[in-house]
Structure formats: C-alpha cells, structure tokens
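A short write-up of the structure that comes next.
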Amino acid sequence: MYLYEIVRNIKRNKARNVCVTAIITIGLVIIMLTLAKYRYRINKMEVYKNTVENNVYSPIVRGKLKISAGVVGGTTKNITIAESPNKIIELIKNDSRVKAIASMNCYTFDEQSTTIKCPINTFNLIEHNKEISSIFNFRLEKGVSFSEYHSKCSNAEVKPMLISKALEKMNPIGSIVEIKAGIYRNGASCKYKIIGVLDPQYPTIEEIKNYEMVDPYREYTVIVDDNDSSMSGVIFIKLNDTTTDLEFKKSIDMKLDKDEEVSLNNLKSGLDYMLLSVGFVSKYIFYGVIILALTSLGVLAIFLTEVVKRKKEFGVRFTLGATNKHIEKLILGEMLVLFVTGGVLSLIFMFLISKISSGLLFDFYVLKIDLLILFVLMIGLSLPILYKILRINPLEVISGRR
C-alpha cells in the first residue's frame with residue numbers, strides 16, 4: 001500500500017524528483033571524485049617509497065645560476081644535455097663514495113621499425129644498463145627480473161626485455177622481438193627476449209624522475225637491460241649511506257670550472273612533490289564537502305516546501321483516517337527512493353569516470369565513504385522534515401485554517 005502510493009507520488013511530481021535526484025547524484029559524484037583523487041595520491045606515495053632505494057640521485061652538470069638583487073637571471077654557462085653525462089662520469093667513475101652508476105635512455109618507436117606488436121602502433125622504449133637493478137626495483141606482475149635472467153643466461157646476442165601489461169597479449173613472455181637496423185644503437189639491429197610483464201600499479205624510473213609527467217604512451221612501454229650500452233642520457237648514482245648529498249656536491253663542484261656546478265636531484269624528492277599534491281587535493285575534498293552541504297540544503301528546501309504545498313492533500317488523508325505517522329512514512333519513503341536512486345547513479349557515473357580518467361583510485365574505501373555519506377544525509381535531512389510533519393495539526397488542516 002505504502003509502496004504504491006510512494007511510486008504514484010514520485011511519478012506525479014516528475015520534474016521535482018528528477019531535480020532532487022540530479023542534485024544528490026552531482027553532490028555525491030563530486031565528493032567521490034575528490035576522495036578517489038586523494039586515494040590515488042596516497043597509494044602512489046606508498047608505492048614510490050617501496051620502489052626507489054635510498055640515497056639515489058640524478059646528477060646534472062650545469063652553468064651556475066646568475067643571481068642579481070635576489071633574482072635568478074639564467075646561467076653563467078650553457079651546458080648541453082649531451083655534455084652533462086660525460087662530465088659526470090669523468091668526475092665520479094673512480095669515486096669510492098659512489099656505490100653504483102646507472103644510465104637511462106628513452107626512445108619512441110612505431111611498428112614499422114620493430115617486430116614488437118602494439119595496439120596503437122606507437123610505444124616507448126626505455127633502455128637501462130645493468131647497474132640500474134641496484135638502485136631501482138622493477139616490480140613485475142609475472143616473469144623474471146633482469147638480475148634473475150642474467151644469473152641463468154649469458155646469451156649476449158639476445159638481451160632481456162620487460163613489457164607493460166597492455167602489450168602482453170600481443171607479445172607473450174618468451175617471444176623474441178627485434179628492433180630493425182638503421183634506427184637504433186648506431187644502426188645495428190637488436191634482438192630481445194621478453195622475460196616479464198611490468199606491474200601497472202608501480203611506476204617506471206622515468207615516471208619517478210619526472211614526477212609522473214611522462215609521455216602519453218606510458219601504458220605501452222618496454223624496458224630493456226643493455227649491458228653494452230654506453231653511459232649516456234640520464235645518469236643515476238647511488239651514494240654510500242655515510243655520504244650526504246651536500247658533502248658530495250661540494251666536493252664535485254670543486255673539481256668543476258668556476259662557472260659550473262652539479263645539481264643533485266634526489267629521486268625520493270618525488271615523494272615531497274606528491275605530498276604537496278596530496279595537500280592540494282585535500283583542499284578539494286573540503287570544497288567537495290561544502291558543495292555537498294549546499295546540495296543537501298537544496299534538497300531539504302525542496303522537501304520542506306513540498307510538505308507545505310501538500311497540506312491540502314494531507315487534510316484529505318486525515319479526513320479518511322490517516323495519521324501523522326502515515327504522512328511521515330509517505331514523505332520519508334519518497335526521500336529514500338530518491339536518495340537510493342541518486343546513490344546508485346553516482347556509483348555508476350563514478351565507475352565510468354574511473355575507467356576513462358587517470359589519476360583516480362575508485363576502491364572499496366571510496367565506496368564505503370559514499371554509502372556512509374548517503375546514510376548520514378538521509379538521516380540528517382529527515383529530522384527537520386519529521387519535525388515539520390509532527391507540527392501539522394490534523395484538525396487545523398482539515399478545517400483549512402493552515
């Protein structure tokens with residue numbers, strides 16, 4: 001009986017109920033988006049902590065900064081990207097404070113230049129030398145790591161390769177692929193054996209170095225371990241635990257020309273950057289709560305107005321024997337249906353958004369918060385409405401005085 005009346009009233013006030021449902025849905029989607037973004041950043045921070053070793057830096061030789069009246073105005077000397085690695089290697093190759101030296105080069109290829117199959121015809125290739133394994137933990141979903149492969153295989157002609165999950169189906173583990181001659185490694189063709197699939201939950205070292213500001217083809221990435229590659233591109237070093245970055249920088253600067261200096265970028269500093277971004281996203285959670293509160297007030301105003309408008313209807317029901325409790329069940333039943341509908345729609349929209357947008361972690365935690373917010377809103381908004389209904393005097397409504 002009650003359900004039939006609730007459904008009939010909802011159909012009779014379609015415009016109002018569509019508006020209420022839309023307001024509820026939008027408010028919940030906004031708060032879930034901010035929570036999902038926050039969860040993504042927090043999760044990324046934990047992942048980064050477990051990926052990069054401590055005391056790892058990316059050194060760059062550059063001209064000293066020109067500072068005039070407290071304002072930076074360029075550098076005293078122009079040092080190209082190609083020159084910097086050579087200077088770094090020359091300065092630290094016999095330094096006992098450096099435990100490991102690694103290098104990284106990045107390339108972009110299409111299918112015409114390689115036998116690697118890719119759904120979008122373009123992919124990234126990141127090349128490291130062997131020492132990279134001592135400073136960075138490549139997390140795999142399946143297969144074996146570079147160090148495990150080298151301990152069991154000494155085939156110099158076929159080098160190991162890790163691939164991203166998006167490439168696995170078309171390039172299964174064990175496949176031998178080739179980068180054709182003329183475009184890579186001084187024109188020589190190169191053969192690689194796919195030995196593992198990268199875990200998509202963990203970043204590549206390129207991501208960490210660039211604080212996630214990477215190529216749009218990041219999903220389609222291959223990583224090769226090339227023991228014969230020369231030290232070029234981006235250089236990484238791991239210092240002894242007893243050596244501080246300031247102490248090391250000072251000693252290297254003394255070996256450089258007077259208008260040159262070394263810049264040490266700590267890979268762990270990416271955590272500081274992400275911590276700042278977490279604080280930035282936290283502000284959006286605050287704004288999301290404000291928006292949700294405003295939408296809730298809008299819903300409350302609509303329902304309180306509805307109670308006033310329907311007093312004539314309530315008078316008829318009182319005449320037929322209805323009580324305040326009966327009216328409460330009708331109004332609260334309509335609220336329940338609209339809130340549940342808005343909650344379900346918000347979850348559907350959020351699921352779709354998380355599938356097409358990056359930087360969101362829509363997990364059970366966000367789902368629980370959404371359901372909790374929905375429950376609190378229903379309880380919080382029902383109280384003033386109940387109070388309004390309880391104040392209705394059946395005799396006065398029937399007589400038409402109020």
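A few comments on the model shown:
- All of (1) at pLDDT below 85; (2) more than 21 Å from the chain's Cα centre (by Cα); (3) in a helix (DSSP H, G or I); (4) not basic (Lys, Arg) hold for residue 252 with one exception: (1).
- Condition check for residue 57 on (1) of a type outside the set (A, V, I, L, M); (2) modelled with pLDDT under 80; (3) out of contact with any Gly (no Cβ under 7 Å at 6 or more places or on another chain); (4) in a strand (DSSP E or B): one failure, at (2).
- Condition check for residue 168: free of Cβ contacts under 8 Å to residues at least 40 places away in the same chain and surrounded by 13 or more Cβ atoms within 10 Å (Cβ to Cβ): yes
- Out of 67, 26, one residue alone is among the hydrophobic types (A, V, I, L, M, F, W, C) and modelled with pLDDT under 80. It is 67.
- Summed over the range 339-364, residues that are at pLDDT 85 or above, hydroxyl-bearing (Ser, Thr, Tyr) and surrounded by fewer than 18 Cβ atoms within 10 Å (Cβ to Cβ) total 1.
The values are calculated or read from the model by the stated rules, or taken from the named source; none is laboratory data. Not measured: the values here are computed from a predicted model. Positions of Cβ are generated from backbone atoms using ideal geometry, with glycine treated the same way; all protein chains shown enter the neighbour counts.
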